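Taking it in order: structure first as structure tokens, then the write-up.
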């Protein structure tokens, strides 16, 4: 069982992810935007951060940058379903900034599960 | 009854005198008396008016007899009565003897009155008798001397009582014989019985006289006409006195005269010449009517014949005051010298009009004395003649002036000698020869020598055919050698008795030049109008006539210019029905200006064209619009581009919208999909129908997600998706498609090398470019047999390759060539083909964007496109793709291995966007570069300046808030000229590799850069020796200098 910080502004999607991740056996702490997430991350002992990129308040890229700067070993999965063009560009950037995986919304439970497992398996 | 008595009384005794006078008064006389008593006084008192002289006898030293003697001596016929108291009988007898009328004694004065009366009567009788006797003597003398015959006839019998000597001679009778004849014996026209009637008629005209004509018969029986002038005379008895004048000669003369006069009058009337005679002797005599006029002369002076009494005064009155002296002098001179004179003078008609009279006069001299007697003259009204003369003179003068003062050069030349015989002033002025010089020249001399043969040939032809004149345009040479072009007009005529030509020369040199200039200008206009792609047109203001339309009309409208000119209405017919009404309304304002319309036209092939039509009214000197000119431009392509742009803007909007909603949409879909899957998991081994339904939900959600992706993909059309690829496969794909669409006439020759290096390219764009170039190639062959070649090969470029006509950084390239055997291109076309919107295709066949897109794509690929072409031989397009990048599609693990790693070089990375700076820094650190990332250009510059040698490479962003990347580069190069610098930018519009090379910047790197591109760029830049880059920089500088 791992402790996961989930940063996602869309309440229905976040709730759905919480249910799915908990069903997968993980403990999930929710944040609705980046700075809230970074604040929570400092307080708890998280194994994984799953963050959306486009959010009101502090968005995902910045959040990832801050987290990696502060905690170089942080494991992050970025996810996005929008953007100026396609989710890919942001997701690529996120990966370059240090996110371990990127998920294009909408994704299947299987994809989610695979990504989480792979990242958690990383050293 | 009293009688007046003018009395001279010689008496020295006043009382006696008083007595006598009283006695006379008593006797009934009213006496006016001059009383004298001396001889002197008596003599002084004598005069013819005296009625009576009374004289005393004894008067001292003087006496009555003496007085009587004085009276007789004076020849005065005044009765003289002597009154004396002393004289006796003898004295009385003596006095009577000496002529006294009577003798009275003073003491017997009672007899005085009767004595005076008697004396007075006696004196009167005496006087009458003397008079009668004198008259009779005179009459006889007159009668006998006269050429006329005098006869005295007895009124009762008609017998001649007395006849004059002349009468006898004329009739041939002696006086005795004559006196035996009667009137009717002499005049055969008078019968004896007629006489009493004739006598009565003569008596009836006793006072004024009876005049008649008759015949007298001579003794020999011959007769002659006479004019009879008879008078009834009562003396002691009644007589008839006749004067008969032989009128034979007069009648003859009269008859002749009448004939002459008739002819003369007729002649005068016809010629309107009057004649006159002036009696010279009486010329100076104002009273004498010395002037005689013919009937016609009256008419000449404006009168009916005889309507005015002719006199010298009358004549002068009718002469114009200014001319009177002239006539007096002429007449005087003629009379004095006997010479004829001839003059014009003016007269005034009764109505005041002025006429001109020509007078000619001759003096007739007395044959014997040789003295001038008569002046005979003619006078003719020459007013009209003189007026005509004046007009003629004026007209001649006018014509002379027309020639002489004509502003156009004119001359007359002799057709035989070709010599100038007259030249006017204008010729002298214009040609520069003097009059004298001209008259010494021939018409050949004013021509350039080379024109003379033509002239002579023409003139030789004139001989037979005078209708053909050397008119037309000729070259003439002025004295100063200047050649002029003249238009010649010629007229044949006889000049001074010789056949001549009158020539009028009109210098049209300037005109001709302006005509040539106009022609040149028209030619320029034509060249311009016919070579511009816009239609240039000219119409009348009513738009009923097309005066000109340039050939571009045919290209744009797809109709011939001729068809438009023939039927201008086709212009309107071609307008799209939806635009027509608007255009028709706007056209009405063309003459007012401000017509500027954009509308659609329909070509005969059914295609539509967008045109922009503009018109400008052209005004004449008075401001009236007399033409409308305009241009019509085919803006179809522009219009389509605008459409495309609007489309693009729409796309942009859709893209923005899609980007905005995709995020939320995907969240929603994610929730749906997630919950659906979670639900499915919960239903494991349960309700299969629920499973099916959930699959349906998931299927719908995935379709929705696909749709979002599709919209996003659509909105990022322009974005390059460069991947590492082998071009062979990418090029082959569109060729398969093309083979199906390009005519079989065209042979495909494809040669794709297999050992090609990998390039970084967007396959879609490569696909698009191949299609585009091949379609162009096929089009260039226009359906004729030909060869379309597609070649892929690798080429090594070592610096700027002049042979290939391409500027590219040295290195390995993959070259894609598309060639054809079509029409080829001119140099001018080749220079322009990569310009946006340039096209050689027919409107509607291409956008003119294809090659510019190819150019743009190749530039953004860091490559280039070149063209080789020759008209008629075909064209070849070469696309150069820089070789480089991974040989296999990128993947996360491979990436790290393939990018060359650094060896600890110190890199300064400047990027104002912190995340990107972080990314860059992390990439570079990963690749083993000691990296310093900075977000502020000014700080970065300070950092370099502090220790220039502490940095091996600078990577800087272009757009930064405080200092642009190019400026930063320049500042750094100023500090350290060999500093390798890479410029990064998100935009490629203003800069290209060449420009940055010229600035001394090694590399231009497009953002977003990948791990790979950044890694390669840094590695290659550090590996490039300074001197190699210096060459590239200089080449770039010179290339930029050239362009």
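The table below lists the values:
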quantity: Exposure proxy ranking, count of Cβ atoms within 10 Å, fewest first, for B:693, B:431; calculated: B:693, B:431
quantity: Inter-chain Cβ neighbour average for residues A:57-65, partner chain, 10 Å; calculated: 1
quantity: Förster radius 60 Å - calculated FRET efficiency between residue B:867 and residue B:622, Cβ distance, rounded to 0.05; calculated: 0.60
quantity: For A:13, B:599, B:748, B:493, order by how many other beta-carbon atoms lie within 10 Å, fewest first; calculated: B:493, B:748, B:599, A:13
quantity: Angle in degrees between helix B:321-337 and the longest Cα principal axis of chain B, rounded to the nearest 10; calculated: 50 degrees
quantity: Ascending count of other beta-carbon atoms within 10 Å, so fewest first, for B:303, B:626, A:90, B:929; calculated: B:626, B:303, A:90, B:929
quantity: Centre separation in Å (Cα based) which lies between segment B:161-191 and segment B:764-781; calculated: 162 Å
quantity: Segment B:146-246: radius of gyration and largest Cα-Cα distance (Dmax), Å; calculated: 12.3, 36
quantity: Share of pairwise Cα separations in segment B:719-783, more than 15 Å, in percent; calculated: 55 percent
quantity: Computed FRET value (nearest 0.05) for residue B:125 with residue B:328, which takes r as the C-beta separation and R₀ as 56 Å; calculated: 0.50
quantity: Cα-based radius of gyration of segment B:57-180 once divided by 2.2 N^0.38 Å, which approximates compact folds; calculated: 1.72
quantity: Whole-number percent relative contact order across chain B, with pairs defined as alpha carbons under 8 Å at least 6 apart; calculated: 3 percent
quantity: Cα-based equivalent ellipsoid of segment B:899-1042: semi-axis lengths in Å, sorted from largest, via gyration tensor; calculated: 21, 17, 16
quantity: Expected 222 nm ellipticity per residue - DSSP helices of 4 or more, -39500 (n - 2.57), all of chain A, to 500; calculated: -14500 deg cm²/dmol
quantity: Compactness of segment B:407-507 - radius of gyration and Dmax, Cα, Å; calculated: 12.5, 36
quantity: Residue among A:80, A:35, A:108 with the largest mean-square fluctuation in a Gaussian network model of chain A, springs linking Cα atoms under 10 Å; calculated: A:108
quantity: Three-way shape call for segment B:584-635 based on the alpha-carbon gyration tensor, with the a/c threshold at 1.5; calculated: prolate
quantity: Three-way shape call for segment B:251-388 based on the alpha-carbon gyration tensor, with the a/c threshold at 1.5; calculated: oblate
quantity: 10 Å binning of all Cα-Cα separations within segment B:3-130, expressed as whole percents from 0 upward; calculated: 13, 51, 33, 3
quantity: Within 10 Å of each Cβ in A:11-21, the average number of Cβ atoms from other chains; calculated: 4
quantity: Shielding by partners - mean other protein chain Cβ count within 10 Å, residues of A:92-101; calculated: 3
quantity: Gain in span if fully extended, residue B:787 to residue B:205, counting 0.36 nm per residue against the direct Cα distance; calculated: 194.1 nm
quantity: Cα-based Rg of chain B normalised by 2.2 N^0.38 Å, two decimals; calculated: 2.47
quantity: Descending semi-axes in Å of the protein assembly as shown, equivalent ellipsoid built from Cα gyration tensor; calculated: 167, 40, 33
quantity: FRET E, pair residue B:238, residue B:114, Förster distance 41 Å, beta-carbon r, rounded to 0.05; calculated: 0.70
quantity: Helix-derived mean residue ellipticity, 222 nm - over chain B, DSSP H n ≥ 4, -39500 (n - 2.57), to 500; calculated: -14000 deg cm²/dmol
quantity: Calculated Rg and Dmax of segment A:1-96 using C-alpha coordinates, Å; calculated: 12.4, 36
quantity: Rounded tilt (10° steps) of B:727-741 against the dominant C-alpha axis of chain B; calculated: 50 degrees
quantity: Pairwise centroid distance, computed over Cα atoms, of segment B:721-759 with segment B:597-624, Å; calculated: 47 Å
quantity: Segment B:952-966 versus segment B:1-65: alpha-carbon centroid distance in Å; calculated: 180 Å
quantity: Tilt relative to chain B, helix B:850-860 - C-alpha long axis, 0 to 90 degrees, to 10; calculated: 50 degrees
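Throughout, read-outs are computed from the coordinates displayed, never taken from laboratory work. Being a predicted model, the structure only gives us computed values, none of them experimental. Glycine also receives a Cβ, built like all others from the backbone with ideal geometry; neighbour counts cover every protein chain displayed.
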